[in-house]
Amino acid sequence: MRFEIITIFPEFFSGFFDHGVVRRALKEGLVSVGVRDLRDFTHDRHRTVDDRPFGGGEGMVLKPEPLAEALESLGIAAKAAREASLSPILAPESGDKDGTPSSLTEGASNSGTDGAPISVDADARQTGTRVILLSPQGRRFTQATARALISQEQVVLICGRYEGVDERINTLYCDLEISIGDYVLSGGELAAAVVMDAVTRLVPGVLGNEASSEFESFGIADSSISADEAGIPRSQHGSGGLLDYPHFTRPAEFKGLGAPQVLLNGDHRQIRRWRREQQLRKTLANRPDLLERAELSDEDRRMLVDLGWRTAS
Ligand code: SAM
């Protein structure tokens, strides 16, 4: 899969590409990336990319012409022309409690999931190019969005600056407007890095152990993860949309605090049960909103009630 990033600060990304999982994925050719300097698509002496906002007000706005030219240099036509060759792109927004697209394509049902971390049905996947505008006004980026994006051949990330991007670029070219959270950054570069990192680590083969992305916060349901071979019960528990459980490593005792005894006894069933309880406990404490749409067993619900959970109904 390929990422293309359009920015006025191309150097911003060099450190990001040089570290950790992203570096390895690039080196092994599992993902590739191009960074386009928006100023290369200007035609005046000052390489002007911004202008004052119509209607007055603070700040500057990124002009539409260089952005359109940058996109067209990547072979990206306006949305209307692309939609003729690709199937329709966005699932309707309705039903997303947290603004999460359950799919980037029409045709994949999102009913009843309400933004829970679901995997995109292979039949519903559409490959091709998706153009994303990073913006605080966008739909919230979640693990479900990241999962939906891995099926794309190319993801183009447009980084705004100043007051943002001339809205006609969004209207004409962008398939998705994405916010990485309810705060305002000074530019879209950090947001683009966040999206690229979260998507890259889900690309098959990028994480050494595929299970690493199954057993983590916002992960898939336990019922969708196969048991260990040789009948050994797993000591982990798929989160099914909850937060991860806490992790411990050596030393067994640190500054007077011991690692939980249950993790040291080698009993996989007990460890698994303890970890599930911790997932529930942590989610209830830090993100009770996730419980409303998580995949919970009867035992989970009993544990939650014991922990003081009161459902909305
Ligand atoms: N005037 C805009 C508003 O109030 O919604 C804020 C513009 S912000 C200062 C400049 C750029 O930073 C945006 O165009 C966008 O690309 C990026 N940005 C800021 N916050 C973001 C967020 N939460 N998610 C994604 N991108 C963000």
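Assorted remarks:
- Scan of region 225-243 for residues that are under 22 Å from I150 (Cα atoms), at pLDDT 80 or above and either assigned to a helix (DSSP H, G or I) or small (G, A, S) (or both), ordered by number: G238, S239, G240, G241
- Counting the residues of region 146-168 that are within 11 Å of the ligand (Cβ to nearest atom) and surrounded by 24 or more Cβ atoms within 10 Å (Cβ to Cβ) gives 5.
- Test: G208 is within 24 Å of V33 (Cβ to Cβ) and within 15 Å of the ligand (Cβ to nearest atom): no
- Scanning region 184-222 for residues that are at pLDDT 80 or above, of a type outside the set (D, E, K, R) and in contact with a Gly (Cβ under 8 Å, 6 or more places away or on another chain) yields a count of 7.
- Cβ-Cβ contacts under 6 Å between residues 6 or more apart (or on different chains), taken from a first residue in region 172-199 that is closer than 13 Å to E4 by Cβ and in the same structural domain as P10 (by TED's automatic domain parsing) to a second residue that is near the ligand (Cβ under 6 Å from one of its atoms) and assigned to a loop (DSSP other than H, G, I, E, B), are listed as A192/C159.
- Meets criteria (charged (D, E, K, R) and at pLDDT 95 or above) for D166: yes
- Search result, residues across region 169-196 that are within 6 Å of the ligand (Cβ to nearest atom), touching a helix residue (DSSP H, G or I) at 6+ places or on another chain (Cβ under 8 Å) and hydrophobic (A, V, I, L, M, F, W, C): I180, L185
The values are calculated or read from the model by the stated rules, or taken from the named source; none is laboratory data. The structure displayed is predicted, hence computed values, not measured ones. Every residue, glycine as well, gets a Cβ built from its backbone with ideal geometry; the counts of neighbours run over all protein chains shown.
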